[in-house]
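Input: a single structure, listed below in structure tokens.
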Amino acid sequence: MMCRNLLLVLILVVGAYFAGTMNLLPSIPFLASSILSVPSSTAPSLSSSSSSSQPQSFAAPSMSSPESSSSLNPRVIQAQQQQQLSDPIQGNKIGDTDNASSPSAEISLPELFKKTENSVVQITSTRPSSNEVVIINGREIPQNNVALGSGFVYDQEGRIITNHHVVSDVEQVDVRFVDGDTYTAKVVGKDPYSDIGILQIKDPEFFKKGVTPLKIANSSEVQVGEQIIAIGNPFGLSGTLTTGVISQIGRLLPNDVTGYSIANTIQTDAAINPGNSGGPLLNMKGQVVGMNTAIFSNTGVYSGVGFATPSNMLLKEIPVLIDRGSYTHPWLGFTAKDLSPDIAESLGLARNYKGAAVVAVVENSPADKAGIRGEVVKENFGGGQVVSSGDIVTKIDGLSVKSMDDVISHLDESKKVGDKVILKVNREGKNVDVTVTLEERPTGSPRLISASSQQQQDQDQGQKPEESNPNPPLFQFPKIPGFPELPKIFP
């Protein structure tokens, strides 16, 4: 009897074993698909083949995830990743940063263009003028008064960023997107000194498009040699991409329109031509590191040297421009020249002594009120001129000054009206600290102010002022038939 019972138990156990095995068979493909979707040290051949076909920035779901078995299927996972890759780059708010800082966050040029082209626009403005001329950002063509440029979407409120010289002298412009849709935008903010303009579209039809703003990066992190791309509308050719590298950073860009230089600009060899003004300069993550602003050229077209307003300047000024419509720049009120080795030796200084030698101080300026001294020119008994050196600025707020460029860059990047700066100056061989309270930059070109001051001095001395252009263009271009000679630094 006991043997019969043992035999019955054995039959039941064996039956249960085979029944359980049969129930598990449908789950085997599920387990295999899970192994394919998760890198595993126990299955190197399967995980390596799977990971090589998936971007590193998108991790596959874990085995412990509560998702259904259908979501763990390799085909489903791949489709989800493709959907994530096709999503547009998310919009930027002031001060936003990108967490994806690894090289794997960079994307290919075709993919980058697809993600950003809808956010880059062509701007057409009609200038009110009795003289009908076409102005393609610096070059005039008779019989029209239309200016062409580029811009990019800044936020979800319909704001567009561009160059001031694209929208100067107008109150509204036409903004055309890559799909051909055109909207009217109002000019809501201008800064001629940094060459920044802000437009705003309020057409309800525009907001239905759901255009994604471009993300703005930290321009202080860009490096010489880094690959970048420029997107714009050169010569009216919409949606044009060019690529190159960062050629140099921290350039001081002369601005013929205002007479004050634009600080900390980015130099690039990406092709920038008339019509590119205001378009974005992007890194390989699709983030804005600058706004294409100017070219250096003897013909008015691309010659391998372009300049972009840095994104950090945009982030600093745009909130103020949106709020007030204008931006006030801090001002010291003196002009200076670089200290050459010969001048340094003539002053009894080391040949490689670094600093900015103050030439002239504007009367009643912050520098004048603080006691900064400029050059003094006197005549000796023989009728010759004797020049007494003024202060030599060697540091500003503890930062070394190699030239006046360093002073201007520090003011534009880190200071505002009402702030104080400490200038360390070499005054007749002694180091002196001078505290200056910054004031608002006066309107008008410093060259005109300087010329007016010189004319006044000439009149006081009974001399006839020379007939000259007090504000000559910084760069002279050869005369081209049909193109009047004007400053043509801006593309």
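The values are calculated or read from the model by the stated rules, or taken from the named source; none is laboratory data. Since this is a predicted model, take the numbers as computed values, not measurements. Note: ideal-geometry Cβ built from the backbone for every residue, glycine included; neighbour counts use all protein chains shown.
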Determine whether Val245 is at negative phi, surrounded by fewer than 18 Cβ atoms within 10 Å (Cβ to Cβ), in contact with a Gly (Cβ under 8 Å, 6 or more places away or on another chain) and not assigned by TED's automatic domain parsing to the domain that holds Lys415. yes
Looking at the stretch 219-227, is at least one residue out of contact with any helix residue (DSSP H, G or I) (no Cβ under 7 Å at 6 or more places or on another chain), polar (S, T, N, Q) and in the same structural domain as Asn312 (by TED's automatic domain parsing)? yes
So if I check each of Ala308, Ala336, which one is among the aliphatic types (A, V, I, L, M), part of a strand (DSSP E or B) and under 28 Å from Leu237 (Cα atoms)? Ala308
Determine whether Asn255 is closer than 19 Å to Ile198 by Cβ, polar (S, T, N, Q) and outside the structural domain of Lys402 (by TED's automatic domain parsing). yes
Within the stretch 312-319, can one find any residue that is part of a strand (DSSP E or B) and either in contact with a Phe, Trp or Tyr (Cβ under 9 Å, 6 or more places away or on another chain) or among the hydroxyl-bearing types (Ser, Thr, Tyr) (or both)? no
Flag if Glu140 is of a type in the set (Asp, Glu), modelled with pLDDT under 95, surrounded by 17 or more Cβ atoms within 10 Å (Cβ to Cβ) and not assigned by TED's automatic domain parsing to the domain that holds Val289: yes
Could you grab me the full set of residues in the stretch 210-220 that are surrounded by fewer than 15 Cβ atoms within 10 Å (Cβ to Cβ) and in contact (Cβ under 8 Å) with a residue 40 or more places away in the chain? Ser220
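Residue-by-condition table, conditions (1) part of a loop (DSSP other than H, G, I, E, B); (2) modelled with pLDDT under 90; (3) within 16 Å of Lys369 (Cβ to Cβ):
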position: Val387; (1), (2), (3): no, yes, no
position: Lys395; (1), (2), (3): no, no, no
position: Lys402; (1), (2), (3): yes, no, no
position: Val407; (1), (2), (3): no, no, no
position: Leu423; (1), (2), (3): no, no, yes
Assuming Ser326 fulfils every condition listed in (1) of a type in the set (S, T, N, Q); (2) part of a strand (DSSP E or B); (3) over 21 Å from Ile372 (Cβ atoms) apart from one, which condition is it? (2)
Answer yes if at least one residue in the stretch 227-240 is at pLDDT 95 or above, in contact with a Lys or Arg (Cβ under 9 Å, 6 or more places away or on another chain) and not in a helix (DSSP H, G or I), and no otherwise. no
